[in-house]
Amino acid sequence: MIKSIFILLLGVVLFSSVSAQNALPGVKVKSLDGNTINIQDFGKTGKVTILSFWATWCSPCKKELDAISENWEEWKTAYNCELLAITVDDQRTLGKVGPMVEEKGWTYIMLSDVNKDLLRALSGQSVPFTVVLDKTGAIAFTHNGYTPGDENELEEKVKELAAK
């Protein structure tokens, strides 16, 4: 009897921790104009949402966002998705973000995680780091780093989640 109760409790604990790992944490980030936003609000849009963590000093990050940019308008229409480009630039380099975004012509939603609270909460170690949320806001996919062609894998994941 005690063994059965222990096994049942262990199952509940394991299920809870697995469910919690798939949930978007309630961390606040800022828009580039300084407004505070709870990241969980983006998980409630009913859209597949891509969170792309990047920095102005990170060459692979910029290459990834450039590669996505080439097809972004098509993805938005075909998959009804959104992309949050979340810079981890610190206070010293944050001023470079706006001009770089304008120069690159990126049309993504731009947010700032200066203290890397969201990056850490999602177990991201470094940038680039990509997280994909399904339509319910649950974490469905994560990816570290960038090599050319990774955007194709990302598109396939977004396409798969959009079809559900």
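Going by the alpha-carbon gyration tensor, a ≥ b ≥ c the square roots of its eigenvalues, is segment 42-90 rounded (a/c under 1.5) or, if a/c is not under 1.5, prolate (a/b greater than b/c) versus oblate?
Since a/c reaches 1.5 but b/c is at least a/b, the shape of segment 42-90 is classed as oblate.
Scan segment 27-88 for chymotrypsin sites (Phe, Trp or Tyr not before Pro) in coil per DSSP, keeping those whose Cβ has at most 13 other Cβ atoms within 10 Å, and list them by number.
Trp57
Among rounded, prolate and oblate, which fits the chain when a ≥ b ≥ c are the square roots of the eigenvalues of its C-alpha gyration tensor, a/c under 1.5 means rounded, and a/b larger than b/c means prolate?
Note, shape of the chain comes out prolate.
For the Cα atoms of the chain, what angle does the longest principal axis make with the long axis of helix 59-69, in degrees from 0 to 90, nearest 10?
Rounded to the nearest ten degrees, it is 90.
Enumerate lysine pairs in segment 25-163 that are 8 or more residues apart or on different chains, then count those whose Cα atoms are under 12 Å apart.
The result is 10.
Name the shape class, rounded, prolate or oblate, that the alpha-carbon gyration tensor gives for segment 125-164, where a ≥ b ≥ c are the square roots of its eigenvalues, rounded holds for a/c under 1.5, and otherwise prolate holds if a/b is larger than b/c and oblate otherwise.
Here segment 125-164 falls in the oblate category.
Using only Cα atoms, tell me the angle between helix 150-163 and the longest principal axis of the chain; keep it within 0 to 90° and round to the nearest 10.
For helix 150-163, the angle is close to 60 degrees.
Could you work out the relative contact order of segment 25-163, using alpha carbon pairs under 8 angstrom and six or more residues apart, expressed as a whole percent?
34
Ranking request for peptides 145-155, 86-96: highest mean number of other beta-carbon atoms within 10 Å first, then the rest in descending order.
Highest mean packing first, the order is 86-96, 145-155.
In degrees, nearest 10, range 0 to 90: what is the angle between the Cα axis of helix 2-22 and the longest Cα principal axis of the chain?
Long axis of 2-22 versus the principal axis of the chain: about 10 degrees.
Could you line up Lys135, Lys47 from fewest to most neighbouring Cβ atoms inside 10 Å?
Lowest count first: Lys135, Lys47.
Hey, in the chain, which Cys have no second cysteine's beta-carbon closer than 4.7 Å?
Unpaired cysteines in the chain: Cys81.
Using a simple charge model, +1 on the beta-carbon of Lys and Arg, -1 on the beta-carbon of Asp and Glu, nothing else, what dipole does segment 25-163 show about its Cα centre, in debye to the nearest 20?
Computed about the Cα centre, the dipole is about 480 debye.
Values quoted throughout were computed directly from the atomic coordinates according to the rules given, and no laboratory measurement underlies them. From a predicted model like this one, the values you see are computed outputs, not experimental measurements. Cβ atoms come from the backbone with ideal geometry, glycine included; neighbour counts cover every protein chain shown.
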